[in-house]
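K.L.:
Attaching a single structure in structure tokens format; questions to follow.
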Amino acid sequence: MRRITHACILLALTPVVAVTTGCDKVTTDPKLLATAAHPNDGPSVVETTGNAERGRTLFAVYGCTSCHRIPGVEGADGVVGPPLERMALRGYVAGVMTNTPANLVRWIQDPPGVDPMTAMPKLNVPPQDAHDMAAYLYTLK
């Protein structure tokens, strides 16, 4: 009876040990990232129809620079919203949905439609502009 109890305890603790010991190991190996299925690994394949260079300039056009710090965008030193560095590596967009190109474009176009509690306003960003902006954000690693 005692062996069964110890085996059950060990079996019950295995997931806890696996989770707590693996949290500090981050890979940048493109082959591993490309096959990642967990949302914390960031987008596995970044496919956008956007023009990243055009997207970089659009952040100023839509006033994103007044609320966000955005690497590579002049004057983007706002502190109201979160900094947008390393967007290509993030697991989630705005903490509410998996970081995929489609979700990022959706968020850029209608933040309150995704999360009614967000402070980020809907800026009426047309689809192509949102794709361009997302393409730029995915260059930030």
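K.L.:
Could you let me know the centre-to-centre spacing of the range 54-93 and the range 104-122, using Cα atoms, in angstrom?
P.N.:
Each part reduced to its Cα centre gives a spacing of 15 Å.
K.L.:
Just rank Met120, Met133, Met87, fewest to most, by other beta-carbon atoms within 10 angstrom.
P.N.:
Ranking Met120, Met133, Met87 by Cβ neighbours within 10 Å, fewest first, gives Met120, Met87, Met133.
Any read-out appearing in this document is the output of simple, stated calculations on the displayed coordinates, not a laboratory observation. Keep in mind that what you see is a predicted model, and the values were worked out from it rather than measured. Virtual Cβ from ideal backbone geometry, glycine too; neighbours counted across all protein chains shown.
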